[in-house]
Amino acid sequence: MLLLPRKGILAIAAVLDIAMNARGRPVAAKSLASRHRLPPRHLEPVLQALVRHGILRGVRGPRGGYELARSEGDIAADEILHAASSVEDNDDAPLAGSALLSDVVVPALERAEEKFSEVLSRITVADLAKSAERGMKAAE
């Protein structure tokens, strides 16, 4: 069971993909979408949110695309998730209802999210890239 929203997971995958595939030139949104088997229009709002939050930089033009705005070690998974959460999502209905929900369940989950966020803030794109490289070498 995944606890993270799908768009957050996609955002982390996109940033990691860009870190691993940029090689001195921007990565096109179409290439990202193709590698992750997504329609480009699905990924574009997430990429734009990552640009607005200073995680990615958009490069215009025929050879344009996206590149990291900062070094891999300066971008944490928690920051990527925060940026992705700013994307409009029609599936996110607000939590409303009983006192049990507002006084017990939501505060307990907020505390859990804070702890989760603390751990995620220590995971960087550099860490994920190293892990991916080790995985690829093991598969060879």
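A few remarks follow.
- Result for the chain in a Gaussian network model with C-alpha springs under 10 Å: among LEU56, LEU109, LEU68, the largest mean-square fluctuation is at LEU109.
- Gain in span if fully extended, ARG37 to ASP74, counting 0.36 nm per residue against the direct Cα distance: 10.5 nm
- 10 Å Cβ shell holding at most 12 others, DSSP loop, trypsin sites (Lys or Arg not before Pro): longest site-free stretch of the chain: 64-121
- Bridgeable lysines around LYS7 (alpha carbons under 26 Å apart, same-chain partners fewer than 8 residues away excluded): LYS30, LYS115, LYS130.
- FRET efficiency, 1/(1 + (r/R0)^6) with R0 35 Å, evaluated for SER102 and ARG122 via beta carbons: 0.70
- Ordering VAL104, LEU120, LEU38 by Cα displacement along the dipole of the chain toward the positive end leaves LEU38 in first place; charges were set at the Cβ atoms of Lys, Arg (+1) and Asp, Glu (-1).
- Extension gain, LYS115 back to LYS130 (0.36 nm per residue minus Cα-Cα distance, nm): 3.0 nm
- In degrees, nearest ten, helix 106-120 long axis to first principal axis of the chain (Cα): 30
- Shape class for region 24-81: oblate, because the ratio a/c of the largest to smallest gyration tensor axis (alpha-carbon atoms, square roots of eigenvalues) is 1.5 or more and b/c is at least a/b.
- Charge dipole magnitude, Cβ of K and R +1, D and E -1 - the chain, Cα centre, debye nearest 20: 900
FYI, it's all coordinate maths here, none of it is from the lab. All figures in this text were calculated on a predicted structure; none of them were measured in a lab. Quick reminder, even Gly has a Cβ in these numbers, built from the backbone with ideal geometry, and neighbours come from all protein chains shown.
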